[in-house]
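Here the structure comes first, spelled out in structure tokens, and everything after it is commentary.
The values are calculated or read from the model by the stated rules, or taken from the named source; none is laboratory data. As the structure is a computational prediction, the values presented were derived from the model and not from experiment. Note: ideal-geometry Cβ built from the backbone for every residue, glycine included; neighbour counts use all protein chains shown. Calculation scope for accessible area: heavy atoms of the full protein, side chains included, ligands and nucleic acids excluded. Shrake-Rupley method; radii C 1.70, N 1.55, O 1.52, S 1.80 Å.
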Amino acid sequence: MLSLGNIYFNNLNTPNKYSKHLQHAADFYRRILQKDPANAYAANGLGTVLAEKGELFKAKEIFNRVREVSGDTLSDSLLNLGHIYLAQKKHPESLQMYQNYVSRTRSSAGAQTMSKSQEDDEAEVLLYIAFAYFDWAREAELFNNAKAAPADERYQKCIHYIELAMKKSKRENC
């Protein structure tokens, strides 16, 4: 059932089936949690559905709970929390979650996803970090206040992380 929920969630961009697939994914995750309330993978999946629906507060609560109960076994919750914090414009917290994810996946060989290499997984997260720095710099400039001064430093960090991602990635087009 977990695999079916994941398949539906991973196919949200199928034309004209977004709502249907999102609902099916949520239904499968909920069914798993009814049978096994301690299933961290299903809870994490349900959190992604809630985040996709824009219910960031509820999703963040779920990801935090998953992180608490799973420890190092489900580092995806860190990545998901990073995305939530970024959406909430909490850039330092987002960066911390992304860095924690990279640290945990480096120290735990089984933590990477099966569909890509650890280098490609890390390259993808380095791009998330780069975007977080870019978004933070852009936001500081938009507010044009005392926080705008370090925007140049954030742009430099953005460029640095893009370069790191390009070196890590095995793909031709990063």
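So what is the accessible area of the chain per residue, in Å², with the probe set to 1.4 Å?
59 Å²
Using bins 5 angstrom wide from zero, how does P(r) for region 23-107 break down, in % of all Cα pairs?
Here the calculated profile for region 23-107 is 3, 17, 25, 25, 17, 9, 4, 0.
Residues in region 48-78 near a label at N100, defined as backbone nitrogen under 19 Å from the 7 Å Cα→Cβ point?
Within reach of a label on N100, which here means backbone N under 19 Å from a point 7 Å along Cα→Cβ, region 48-78 contributes 48, 51, 56-78.
Picking from R67, R104, R31, which is most flexible by a Gaussian network model of the chain using Cα springs under 10 Å?
Most flexible of the set in this elastic network: R31.
Above 22 Å lies some portion of the pair distances; for the chain, what is it as a whole percent of all C-alpha pairs?
Tail fraction, whole percent: 51.
What does the extension gain come out to for K89 and E119, with contour length at 0.36 nm per residue minus their alpha carbon separation?
Here the answer is 8.1 nm.
Using the C-alpha gyration tensor of region 1-59, what are the square roots of 5 times its eigenvalues, in whole angstrom, with the largest one first?
18, 14, 8
Roughly how many percent of the accessible protein surface of region 1-123 is carbon and sulfur, given a 1.4 Å probe and a whole-percent answer?
51 percent
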